[in-house]
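In what follows, a single structure is set out as structure tokens and then discussed.
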Amino acid sequence: MKSTRKILTTLILFSFVSFNACRTEEIEVINPPQEQTLVANSTVATLMQRTATNDGSNDNIIDNSNCFNVQLPVTVFVNGLEITVDSTSNFDTIEAIFDELDDDDDTIVIQFPITIILADFTEVVINNSSEFDDFSDDCNDENEEDDDIECLDFQYPITASIYNANNELIETITINNDNELYNFIDDIDEEDVVTIQFPITVILSDGTTLTVNNLNELENTIDTFEDDCDEDDDYDYDDDDCNNCTDSQLTAILTDCSNWTVDKLERDDNDLEDIYNGYLFNFLTDGSITVTSSGTNFTGTWSASGTGNAIAVTVNVTGLIDFNDIRNLHEIDEEIGEVKFDLRLGDDRLRFESDCNSSGGGTLTSTLSDGLWIVSSYTDDGVDETTDYNGYQLNFDSNGTVVAANSTTINGTWAVQNAGNELLLNFGTSIPFDEFNDDWGVVSATTTQVIVQDISGGGGTDVLTLQKL
């Protein structure tokens with residue numbers, strides 16, 4: 001019996017030693033660097049999570065709610081026109097419809113049910129407008145301070161390692177987006193030992209990238225740049241229309257085009273544009289202005305300086321005090337056959353327009369024939385069919401032919417009619433481009449994007465957006 005017990009004891013001891021030997025081989029013991037250890041609820045962890053928080057303001061043109069996004073695709077009715085929004089590029093389509101008329105009441109109606117994505121990336125199904133309003137009412141109002149940091153972003157992927165209390169490496173994970181990073185930080189417990197593999201890259205609001213080598217640098221970087229931009233937490237959908245404007249661009253447009261007229265003039269809640277009907281403004285390259293009206297001449301000066309949404313335009317014309325002020329450039333609108341530029345000062349507004357009788361104005365014909373284009377969005381009576389055109393590049397030749405090329409080549413014809421207000425397309429019976437065989441009305445056109453809608457009376461409304469490569 002004693003002999004049996006000795007054998008059993010020996011076997012158990014041998015098994016215990018063998019088990020621990022195997023375990024030692026399988027688990028790597030590492031001392032993680034302290035400067036790269038991410039501690040739960042630390043300042044840097046909180047800043048990282050705030051940077052990864054879902055920004056609910058980028059779709060305010062749809063929901064007027066800063067604390068959540070509407071999950072795409074979603075169907076909305078914009079001034080009665082049904083639009084399927086399947087990407088953020090469709091926000092420009094909504095804005096173009098809103099901007100068609102100045103004096104109408106713009107409306108947008110959401111077709112329920114929808115899904116909203118909260119700040120922590122939780123998804124909630126909303127069945128009606130009452131449920132929607134309950135969530136929207138909980139959001140901060142316009143431009144109120146909130147938790148999300150929008151002025152910088154992380155460049156993914158980011159690698160993190162997790163250790164136990166014995167400094168044994170448990171897991172190495174790859175974080176691919178804000179949602180994963182937010183949840184990863186949210187799940188860190190006080191006893192967890194987590195490190196981030198440096199260097200990592202952060203992207204500032206102006207597109208600049210910075211390399212960060214440790215958590216201390218990361219904390220300082222986020223703290224430095226978290227308020228370094230306009231987070232656009234408001235409901236003014238077109239207050240960022242000059243993000244890419246330059247004073248040289250404005251100068252070229254003003255001096256290339258001639259005979260500018262007053263399209264809109266508001267001062268102190270008074271509409272004054274009718275007073276200046278027939279006045280012709282010409283902006284000269286030497287900074288002078290000449291104004292003529294029924295044989296009467298005025299002279300003055302103008303200047304523009306700044307970049308983006310902070311371009312100051314100074315106008316000073318002797319005898320025309322309603323125009324004299326320093327205003328902010330709000331928007332440059334290069335439509336087919338006419339160009340407008342809009343100036344704002346608080347609630348005051350001054351907008352000039354010109355048929356642009358110069359080589360600098362351009363037409364839809366020259367716009368489309370300059371480079372390659374893709375179908376960035378196409379809805380057929382509210383049904384999104386954009387994917388049918390993925391991979392195709394369109395080449396509009398000035399001779400009136402158009403070629404859509406992918407693995408196959410589809411030939412068609414095109415023409416601009418009605419002083420640039422209509423686009424005629426014909427691809428014959430070639431699928432899927434036969435869907436475009438129509439007389440399209442031009443909603444908006446710039447040098448990089450053309451939006452048209454079906455005006456042929458087919459019973460539904462089709463919207464086609466072409467984007468320049």
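The values are calculated or read from the model by the stated rules, or taken from the named source; none is laboratory data. As the structure is a prediction and not an experimental result, all values here were calculated from the model. Virtual Cβ from ideal backbone geometry, glycine too; neighbours counted across all protein chains shown.
Going by what's in this entry, would PHE91 be described as farther than 24 Å from ASP138 by Cβ, aromatic (Phe, Trp, Tyr), out of contact with any Pro (no Cβ under 7 Å at 6 or more places or on another chain) and modelled with pLDDT under 90?
No: the conditions fail for PHE91.
Restricted to the stretch 123-177, and to residues that are of a type in the set (Asp, Glu), surrounded by 13 or more Cβ atoms within 10 Å (Cβ to Cβ) and modelled with pLDDT of 90 or more, which residue is nearest to the chain's Cα centre (by Cα)?
Ranking the candidates gives ASP153 first.
Go through the stretch 344-397 and count every residue that is among the polar types (S, T, N, Q) and modelled with pLDDT of 80 or more. Give the derivation first.
So in the stretch 344-397, the residues among the polar types (S, T, N, Q) come out as 354, 357-359, 363, 365-367, 369, 376-377, 379, 386-387, 390, 393, 395.
Imposing the further condition that a residue be modelled with pLDDT of 80 or more reduces the set to 354, 367, 369, 376-377, 379, 386-387, 390, 393, 395.
Adding up the residues that qualify gives 11.
Given VAL39, VAL78, which one is modelled with pLDDT under 95 and under 30 Å from PHE198 (Cα atoms)?
VAL39
Looking at the stretch 147-162, which of its residues are outside any loop (DSSP other than H, G, I, E, B) and in contact (Cβ under 8 Å) with a residue 60 or more places away in the chain?
LEU152, ASP153, PHE154, ALA160, SER161
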